[in-house]
Amino acid sequence: MSVFRTKSVEQSIAETEEPEHQLKKNLGALDLTIFGVGVIIGAGIFVYTGQVAATNSGPAIAISFAIAGLACALAALCYAEFASTVPVAGSAYTFSYATFGELVAWIIGWDLVLEFTVGASALAAGFSGYLQNVLDGTALEIPASIGSASDGVVNLPAVLISLLVAGVLIGGIKLSSRVNQIVVAIKLTVVGLVIVVGIAYIKTSNYTPFIPDSKPASGGEASFWKTPLISSIFGLDPAVYGIGGVIAGAAIVFFAFIGFDVVATTAEETRNPQKNVPIGILSSLAIVTVLYIAVSLVVTGMQNYTEIDPEDAAPLATAFDAVGVDWIANIIAVGATIGLTVVVLILMMGQTRVAFAMARDGLLPPVLAKVHPTFGTPHVITAITGVGVAVLSGFVDFETLGDLVSIGTLFAFVLVSVGVLVLRKTRPDLPRAFRTPAVWFVASLSVLMCVYLMLNLIGETWLRFGIWMLIGLVVYFTYSRNHSRVGLREAEGAKQPTA
């Protein structure tokens, strides 16, 4: 059986109508836009803004966000075409099955499991950091022993929020959407306050120099494992700040943009997905890119980048504390705590939909594709994902999780961008409600930018990513290849006598 066998677009769409695998179609364009905004506005703006400004980009973190946003925009145009052409759960996994074949589809599906599961775990850890900021000094203050994976025994708040979110997801996609709408309103209010109030405390002197001069990385960071891969490949001395630091910062804050691709995973639960999914993807990305750049300019204008603590889990709140505006610092901390719960929810939803699609195809155990008879949700894989996210967020630190998510997401974007070009050549007849403009230029530039950003991640991240993908290949060749529904149908057809 060939590992490059494909699953036709028509077949993928037909299988969504099978009663035992049918998901409820409850979402419209507004739901999808809010889902996108809800998941993208998270740790990237509440945590990474200060961290990356202090260690990589300085005030030019606004440029880092713009670069990462441009790379996402190019990939988003490709995602929009794919999602409108193949409105099936699974996102890049399903798209790859129709273009590259089963092995590549498995690789991208396994990669998406990394992106969404580890992403949800990272955000659960981020939630815990802001919750502890809120509770510090009160009777409910959380002891370090149960509040951190790196400084204590377990990150208990992260574990609890992961399990709670899994319960909400099992309760139904519409319930998840309603919760998301409420929390997104809170997050947008908080972000708006940061911008409006923070402008009054900006010191223009903090923007000088806007791009700090490049300087060598500290000696402890000069090893291969802590050096961007591109520096190791070309024998460049590790450095921070300067143009190289801005680009390395873009690779890190890319984590802040993950989520718009989650919109594509909900295509099967969307009314009129050919129209609504592209709207949801592109509009949510446009909204958050503007907000990210604005917030980064405000924060680095209020507080000199040299005074920002890169280990601070709540840099936005700290920036307002530094100028004596304690009341808004408290509002930010509370808003971020509430807001991050929704990011965890939507990333976990993305993971469950990808795994659901893979199980429906036989590449994962079929029990994972079971749909709850009342709620119409894939409850088995949701429960398993909830436990997995709880374990990861409870025992692994935030920074390690965040870098893994960035490389996994960038890899997915590369395959989707190439896949759009392949499908244009192999199936020009397919109806496309949305067509990527200047597709050859857009998709090619998307690939180049994403690969370049990947090369700016450190060697340690590449090693972890490689180990994860190697494990995936072992699973494919020992289980998935022999249980694939497409493969079994091919084998059955080969046994039929010819006339």
Subject >> Pair list, Cβ under 8 Å, 6 or more apart: the stretch 138-167 residue touching a residue at least 24 places away in the same chain (Cβ under 8 Å), other residue open to solvent by 40 Å² or more (accessible area, probe 1.4 Å) and of a type in the set (F, W, Y) >> reply: A149/F395; V154/F395; N155/F395
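Each row is one residue, and each column tells you yes or no for (1) open to solvent by 80 Å² or more (accessible area, probe 1.4 Å); (2) assigned to a helix (DSSP H, G or I); (3) under 28 Å from A359 (Cα atoms); (4) not aromatic (F, W, Y).
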site: L423; (1), (2), (3), (4): no, yes, yes, yes
site: P431; (1), (2), (3), (4): yes, no, yes, yes
site: R435; (1), (2), (3), (4): yes, no, no, yes
site: F441; (1), (2), (3), (4): yes, yes, no, no
site: V447; (1), (2), (3), (4): no, yes, no, yes
site: E460; (1), (2), (3), (4): no, yes, no, yes
site: M469; (1), (2), (3), (4): no, yes, yes, yes
site: Y479; (1), (2), (3), (4): no, yes, yes, no
Original post:
Which is open to solvent by less than 10 Å² (accessible area, probe 1.4 Å), assigned to a helix (DSSP H, G or I) and out of contact with any strand residue (DSSP E or B) (no Cβ under 8 Å at 6 or more places or on another chain), of L345, L363, L297?
Top reply: L345
Original post:
Among the listed residues T382, T377, which satisfies the condition of being among the β-branched types (V, I, T) and not in a helix (DSSP H, G or I)?
Top reply: T377
**OP:** Considering only the stretch 133-150, state which residues are within 28 Å of the chain's Cα centre (by Cα), within 19 Å of A390 (Cβ to Cβ) and open to solvent by 50 Å² or more (accessible area, probe 1.4 Å).
**Re:** I146, S150
Original post:
Which of the residues belonging to the stretch 95-113 are in a helix (DSSP H, G or I) and open to solvent by less than 10 Å² (accessible area, probe 1.4 Å)?
Top reply: F95, S96, Y97, E102, A105, W106, I108, G109, D111, L112
Subject >> Odd one out for A166, checked against (1) open to solvent by 60 Å² or more (accessible area, probe 1.4 Å); (2) over 27 Å from P59 (Cα atoms); (3) in a helix (DSSP H, G or I) >> reply: (1)
Original post:
Of all the residues that make up the stretch 327-342, how many are open to solvent by 10 Å² or more (accessible area, probe 1.4 Å), touching a residue at least 60 places away in the same chain (Cβ under 8 Å) and over 20 Å from the mean Cα position of the chain (by Cα)?
Top reply: 3
**OP:** Having 3 or more residues that are open to solvent by 10 Å² or more (accessible area, probe 1.4 Å), of a type in the set (S, T, N, Q) and at pLDDT 75 or above is the bar; report the helices (runs of 4 or more DSSP H) wholly within the stretch 1-91 that clear it.
**Re:** none
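The values are calculated or read from the model by the stated rules, or taken from the named source; none is laboratory data. Bear in mind that the values here come from a model prediction, so they are computed numbers and not experimental data. Here Cβ is always computed from backbone atoms with ideal geometry, including for glycine, and neighbour counts include all displayed protein chains. To get the accessible areas, we keep the full protein, side chains included, count just its heavy atoms, and leave off ligands, DNA and RNA. Shrake-Rupley method; radii C 1.70, N 1.55, O 1.52, S 1.80 Å.
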